[in-house]
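**Student:** Next up is a structure, given as structure tokens.
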Amino acid sequence: MHEQIRQAAAFVRQELGEIPPRAVVLGSGLGVLVDHMDGARELPTAAIPHFPVSTVPGHAGRLVAGRLDGTPVLALKGRVHAYEGYSQEQVVFPVRLFAALGVRALLTTNAVGCVNRLLRPGDLVLLTDQLNLMFRNPLRGPNDETLGPRFPDMSAAYDTALNQCARETARELGLDLKSGVMAGLLGPSYETPAEIRMLARLEADVVGMSTIPEAIAARHLGLPMAAISCVTNFAAGLGAGTLNHAEVTDVAEQARERFSALLSALLARI
Ligand code: HPA
């Protein structure tokens, strides 16, 4: 693993040159942000040695170094998910690559369903904690001490200082940023109404199929990470209709302007 990361990092440095110290992972509906970067240098992730390649429509992989509203940022469009058949270790490869490239702060975004009845589609939610219901862990197996400790602390899965900064940024922009706990399930099937009632009892606020392993890997590396979710739908049984991926990407796209304004202002401060 260590050698794979080293090779990937050497390749990315050679192709992209200087790497910005902050990275952002763009989830469903937000990928277009990479088209708004200035002075962009980019790579298809398929060209990066050992980088897992996404199979989901709307997740075509690109790694872009450039400026977002003037701020140097390394942006990844197209993460991979465990439900595609990748191991958790493959899923967190980009996070480990970022750390090897010298990234010092990571911001991730994703699409989620809302479980908490105070939330609704279109809401932006800052994650404060997580429930790992994927029953998988990217750190399973021999520990690579060069990456981090065998038993990393998870008292603050999401970085407290970055979260504080995100709240202040939202306040200054006059944007409503909610906060909550994300339950992460493996997917790819959406949850049943009974599963959502269970998640509500477990005090999950939102539910999704990504981000959880990334937060674990980032904590292991000591890489501060924050995550902002876009609520794209009422979780199963809470809304009127059924769930589908098109609805998820549509709603995420509708929230894009607010979401990108927040990301861009936050990246400028971290
Ligand atoms: N459940 C799980 N993952 C999701 C959902 C959902 O309702 N919406 C977007 N990603």
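**Student:** For residue 179, list long-range residues whose amide hydrogen, built 1.01 Å from N in the peptide plane, is under 5 Å from its own amide hydrogen.
**Tutor:** 126
**Student:** Kindly report the accessible area of the chain per residue (heavy atoms of protein chains, probe 1.4 Å, no ligands, DNA or RNA), in Å².
**Tutor:** 43 Å²
**Student:** Taking H as built 1.01 Å from N, whose amide H comes closer than 5 Å to the amide H of residue 24, not counting residues under 5 places away?
**Tutor:** Hits under the 5 Å cutoff: 74, 75, 76, 107.
**Student:** Ok, one more. Using a 10 Å Cβ count of at most 14 others and DSSP loop calls, identify the longest part of the chain lacking such trypsin sites (Lys or Arg not before Pro). It would help to have the intermediate numbers written out before the result.
**Tutor:** Details: sites that count: 104, 117, 140, 150, 269.
That would be 151-268.
**Student:** Report the residues of region 224-245 in range of a label on residue 201: point 7 Å along Cα→C-beta, backbone N strictly under 18 Å from it.
**Tutor:** Answer for region 224-245: 236-238.
**Student:** Treating the beta-carbon of each Lys and Arg as +1 and of each Asp and Glu as -1, no other charges, what is the dipole magnitude of the chain about its Cα centre, to the nearest 20 debye?
**Tutor:** The calculated dipole for the chain is roughly 240 debye.
**Student:** How about region 47-145: which GluC sites (Glu not before Pro) there lie in a loop by DSSP and see at most 10 other Cβ atoms within 10 Å?
**Tutor:** 145
**Student:** Okay, moving on. Could you please state how large a percent of the accessible area of the chain is carbon and sulfur, counting protein chains only and using a 1.4 Å probe? Kindly include the intermediate steps, with their values, before the conclusion.
**Tutor:** On the way: 5950 of 11670 Å².
Its accessible area is 51 percent carbon and sulfur atoms.
**Student:** For Cα pairs less than 8 Å apart in space and 6+ apart in sequence, what is the mean separation divided by the residue count of region 2-269, i.e. the relative contact order in percent?
**Tutor:** Taking the mean separation of contacting Cα pairs over the length of region 2-269, I get 25 percent.
**Student:** Positive end of the dipole of the chain, charges at C-beta (+1 Lys, Arg; -1 Asp, Glu), about the Cα centre: which of 245, 202, 40 has its Cα farthest in that direction?
**Tutor:** Working it through, the farthest residue towards the positive pole turns out to be 202.
**Student:** Could I ask something else about it? Test of understanding: in a Gaussian network model of the chain with alpha carbons linked when under 10 Å, which of 103, 73, 32 would top the mean-square fluctuation ranking?
**Tutor:** 32
The values are calculated or read from the model by the stated rules, or taken from the named source; none is laboratory data. Because the structure is predicted, anything quoted here is derived from the model rather than measured. Methodologically, a virtual Cβ is constructed for each residue, glycine included, from the backbone with ideal geometry; neighbour enumeration extends over all protein chains shown. In case anyone asks, the SASA skips ligands and DNA or RNA and just uses the protein heavy atoms, side chains included. Shrake-Rupley method; radii C 1.70, N 1.55, O 1.52, S 1.80 Å.
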